[in-house]
Each structure stands twice: as C-alpha cells, then as structure tokens.
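Pasting in a structure now, in structure tokens, and then I'll have a few things to ask.
The values are calculated or read from the model by the stated rules, or taken from the named source; none is laboratory data. Owing to the predicted nature of the structure, the values given are computational and were not obtained by experimental measurement. Cβ sites come from the backbone with ideal geometry, for glycine too, and all protein chains shown count toward neighbours. Ligands, DNA and RNA are stripped out before the accessible areas are found, and what is left, the full protein with its side chains, is counted by its heavy atoms. Shrake-Rupley method; radii C 1.70, N 1.55, O 1.52, S 1.80 Å.
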Amino acid sequence: VLAQLIIHEVSGCAPANTFDQSAHAVGSSAAPDSGSAPATTEGEEYLFGVVGYGGTGVTVTEPGSWTNRQPGTGMLSSADRIVDVVGAYKYDPTLSASVAWVCTIATFKGEGQRHQTRHLRQTAGFR
C-alpha cells in the first residue's frame, strides 16, 4: 500500500461555504481527465486538481493555465488555477505513459479578492 499526502495553504477563499463543485474519474491511458464539474456558482473561484497514477518514472504535463504545485513524483501530482468566469471546469493533465490513474477537480468560492496560494512544501522554513 502506498500513501501520500499533499498539503496546500490557500488564502482568499470565502470564509463560509467555501467548497463549491467537484468531479472525479478513473481510467487507464496517458490522458487523465476529471470530467467537468458542475458549473461554478461564482465568477471568481480557486480550482484544485490532483492526479494519482500507477508506474514510476511517469512525468506529468499540466494543461494550459494550470500551475503545478506538486511535481509528479511518487505517482501523485497536483495543480491549481484561478478563474474569474462562471463555468464547468475540468482537470486534464497529460502523462508520459499510458498507466492507470485517478483524477479529481474541486472548486472553491473566492471572497471577492484574488486568491493567493502557497504550497507548504515550497515555503517550509519561511515566515
């Protein structure tokens, strides 16, 4: 059994009822796709995508406008994106090999200002 944990810290999300939409899918290919989440309920939202995949040595290429926050090492990769238009969004990275995968997207409402994200692994040791 392999277990991994990714921790992200995000500011600028709504203080209550933050979670908005999600979608997930499983498959086996080099093209994971979470499927489209239902349309967001607000114009400005934080999107978080994660893909878990089988096989070592596989690399992940993020879709345009997504920022990688956890490089694809150890068979898990995550990315995020900020949007300012209501819509149905999906997370669909590309893998360097055809393998089994699980792919998820979650959307979070903003509080009316641009979100700021920090991946804790990248900021360890900083104040």
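Could you list, in sequence order, the residues of segment 40-53 that are touching an Asp or Glu at 6+ places or on another chain (Cβ under 8 Å), assigned to a strand (DSSP E or B) and either of a type outside the set (S, T, Y) or under 19 Å from L95 (Cβ atoms) (or both)?
Scanning segment 40-53 gives E45, L47, F48, G49.
Which members of segment 1-35 meet the condition of being of a type in the set (S, T, Y) and under 13 Å from the mean Cα position of the chain (by Cα)?
Residues satisfying the conditions are S22, S34.
Against the condition β-branched (V, I, T), open to solvent by 60 Å² or more (accessible area, probe 1.4 Å) and in a loop (DSSP other than H, G, I, E, B), how does V86 come out, does it pass?
In short, yes.
Identify, please: which residue in segment 7-42 is farther than 26 Å from Y53 by Cβ and of a type in the set (G, A, S) and is, among those, modelled with the highest pLDDT?
Only one residue fits best here, namely A39.
OK, next. Here are some residues: A37, A31, A79. Which one is part of a strand (DSSP E or B) and either touching a residue at least 60 places away in the same chain (Cβ under 8 Å) or open to solvent by less than 40 Å² (accessible area, probe 1.4 Å) (or both)?
A79
Take S65 and tell me if it is within 15 Å of I105 (Cα to Cα), open to solvent by 50 Å² or more (accessible area, probe 1.4 Å) and modelled with pLDDT under 95.
Here the answer is yes, as S65 does meet what is asked.
Out of segment 95-112, which residues are assigned to a strand (DSSP E or B) and exposed (fewer than 15 other Cβ atoms within 10 Å of the Cβ)?
A100
Which condition number in (1) within 13 Å of the chain's Cα centre (by Cα); (2) closer than 24 Å to V99 by Cβ; (3) open to solvent by less than 60 Å² (accessible area, probe 1.4 Å) is the one that V58 fails?
Just one mismatch for V58, condition (1).
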